[in-house]
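> Questions regarding the structure given below will be posed in turn.
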Amino acid sequence: MTTPAILVDADACPVKDEIYRVAWRHEVPVKVVSNMRLRVPDHPLIERVVVSDAFDAADDWIAEAADAASIVVTADILLADRALKAGATVLAPNGKPFTAASIGPAIATRAIMADLRAGGDQIGGPPPFTKADRSQFLQALDAALVRLKRG
């Protein structure tokens, strides 16, 4: 059985500290992927991966590294789709899972919103990140790790 690993789309991830805590408890490695040097804890389970600043370089790295033993943490719908196709478990920072059933509608909604923005419509962004989101993420990550460890 392959050891689970957590791959973090880190540039705008609001739950990095929570990821570290859960990873330490489960003794699971974390790869913090970004296109700039981010501060990460000095710990043998935490690896900083700095990619080039080319468009989607972090997404490309994560998509190539993702497999059935990976948990990918990202708010990026297109990266979530690529990671799901690689067999990974994918969680948004608010704890909502991306699944084969939910990714198609998420991509369609993303495209509609992009069209509206391109047409000059004023549409709001995502709702503010809350304590409840953080708590839901912690529970979802813990449950996903337990499932992966059980095989």
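> Identify all residues within region 63-77 that are in contact with a Lys or Arg (Cβ under 8 Å, 6 or more places away or on another chain) and not small (Gly, Ala, Ser); write none if there are none.
Listed by number, the list holds a single entry, Ile77.
> Which ones in region 70-88 are more than 9 Å from the chain's Cα centre (by Cα) and of a type outside the set (A, V, I, L, M, F, W, C)?
Ser70, Asp81, Arg82, Lys85, Gly87
> Going by the conditions given, is Val32 touching a residue at least 40 places away in the same chain (Cβ under 8 Å), β-branched (Val, Ile, Thr) and crowded, with 19+ Cβ neighbours inside 10 Å?
no
> Please give the number of the condition Glu27 fails out of (1) on the phi > 0 side of the Ramachandran plot; (2) touching a Leu at 6+ places or on another chain (Cβ under 6 Å).
Among (1) on the phi > 0 side of the Ramachandran plot; (2) touching a Leu at 6+ places or on another chain (Cβ under 6 Å), Glu27 violates only (2).
> Could you check region 42-56 and list, in sequence order, the residues that are modelled with pLDDT of 95 or more and either surrounded by 15 or more Cβ atoms within 10 Å (Cβ to Cβ) or hydrophobic (A, V, I, L, M, F, W, C) (or both)?
Leu45, Ile46, Arg48, Val49, Val50, Val51
> Kindly indicate which of Phe137, Phe129 is in contact with a Pro (Cβ under 8 Å, 6 or more places away or on another chain), at pLDDT below 90 and within 21 Å of Pro14 (Cα to Cα).
Phe129
> Taking strands (runs of 3 or more DSSP E) that fall entirely within region 36-107, which contain at least 1 residues that are over 19 Å from Val146 (Cα atoms) and free of Cβ contacts under 8 Å to residues at least 40 places away in the same chain?
46-50
> Sticking with this structure for a sec: Among the numbered conditions (1) free of Cβ contacts under 8 Å to residues at least 60 places away in the same chain; (2) assigned to a helix (DSSP H, G or I); (3) surrounded by 15 or more Cβ atoms within 10 Å (Cβ to Cβ), tell me where Leu141 comes up short.
Single failed check for Leu141: (1).
> Here's a follow-up. If you scan region 11-35, which residues turn out to be over 24 Å from Pro128 (Cα atoms) and not in a loop (DSSP other than H, G, I, E, B)?
Result: Ala23, Trp24, Arg25, His26, Val30, Lys31.
> Going through Arg39, Arg21 one at a time, which residue ends up being of a type in the set (Lys, Arg) and within 21 Å of Gln136 (Cα to Cα)?
Arg21
> For the condition under 14 Å from the mean Cα position of the chain (by Cα) and at negative phi, what is the one hit in Asp53, Asp42, Asp9?
Asp9
> Among the residues of region 97-109, is there at least one that is more than 28 Å from Trp24 (Cβ to Cβ), of a type outside the set (Ser, Thr, Tyr), surrounded by 11 or more Cβ atoms within 10 Å (Cβ to Cβ) and in contact with a Leu (Cβ under 8 Å, 6 or more places away or on another chain)?
Among the residues of region 97-109, at least one is more than 28 Å from Trp24 (Cβ to Cβ), of a type outside the set (Ser, Thr, Tyr), surrounded by 11 or more Cβ atoms within 10 Å (Cβ to Cβ) and in contact with a Leu (Cβ under 8 Å, 6 or more places away or on another chain), which makes the answer yes.
The values are calculated or read from the model by the stated rules, or taken from the named source; none is laboratory data. Predicted, not measured: the structure shown is a model, and the values here were computed from it. Counting neighbours? That spans all protein chains shown, and the Cβs are built from the backbone with ideal geometry, glycine included.
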